[in-house]
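Okay, so here's the structure we're looking at.
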Amino acid sequence: MEQAFSMGNSQDSALEWLKQNKKQVAVFLISGIKLEGIISGFDPYCILLTDGKGCQQMVYKAKISTIAQLRS
C-alpha cells in the first residue's frame with residue numbers, strides 16, 4: 001500500500017489502490033462503529049463499501065476516523 005501514497009494525492013491514490021486490488025478493509029467511524037468490506041467506489045465526499053454478501057453502504061468521508069487494510 002506504500003505505493004499508493006507515493007503517487008500524488010495520497011487519499012485518492014490510496015482509495016483507488018484499495019479499490020482496484022479489492023482489498024478487505026475495516027472502516028472505523030468517529031462514533032466508534034466498525035464497518036468491514038471492499039471499497040467499490042468513492043468521490044470527494046463519500047466512500048461506497050460492499051460487504052461479502054453484496055450489501056452496500058455509503059459512508060461520508062467526514063465521519064471516518066480510520067481505514068485499515070485487513071489481513072487475509
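The values are calculated or read from the model by the stated rules, or taken from the named source; none is laboratory data. These figures come from a predicted structure and were not determined experimentally. Cβ sites come from the backbone with ideal geometry, for glycine too, and all protein chains shown count toward neighbours. Areas reflect the complete protein model, heavy atoms only, side chains present, ligands, DNA and RNA absent. Shrake-Rupley method; radii C 1.70, N 1.55, O 1.52, S 1.80 Å.
Take segment 54-72 and flag every residue that is at pLDDT 95 or above and not in a strand (DSSP E or B).
Residues satisfying the conditions are Cys55, Lys61, Ala62, Lys63.
For segment 48-72, how many residues meet the condition of being touching a residue at least 12 places away in the same chain (Cβ under 8 Å), over 14 Å from Ser31 (Cα atoms) and among the small types (Gly, Ala, Ser)?
Of the residues in segment 48-72, 3 are touching a residue at least 12 places away in the same chain (Cβ under 8 Å), over 14 Å from Ser31 (Cα atoms) and among the small types (Gly, Ala, Ser).
Of all the residues that make up segment 8-34, how many are buried (at least 16 other Cβ atoms within 10 Å of the Cβ) and among the hydroxyl-bearing types (Ser, Thr, Tyr)?
1
Name the residue that is farthest from Ala14 (Cα to Cα), counting only residues in segment 35-72 that are open to solvent by 80 Å² or more (accessible area, probe 1.4 Å) and of a type in the set (Gly, Ala, Ser).
Within segment 35-72, the subset open to solvent by 80 Å² or more (accessible area, probe 1.4 Å) is 36, 44-45, 52-53, 56-58, 60, 62-63, 71-72.
Then drop every residue that is not of a type in the set (Gly, Ala, Ser), which leaves 52, 62, 72.
Details: Gly52: 21, Ala62: 17, Ser72: 18 Å.
Step by step, filter segment 35-72, then rank; the result is Gly52.
Counting only residues that are in a loop (DSSP other than H, G, I, E, B) and on the phi > 0 side of the Ramachandran plot, which one in segment 14-40 is farthest from the chain's Cα centre (by Cα)? Outline the logic, then answer.
So in segment 14-40, the residues in a loop (DSSP other than H, G, I, E, B) come out as 21-23, 30-33.
Narrowing further to those that are on the phi > 0 side of the Ramachandran plot: 22, 32.
Values: Lys22: 10, Gly32: 16 Å.
Checked segment 14-40; the qualifying residue farthest from the chain's Cα centre (by Cα) is Gly32.
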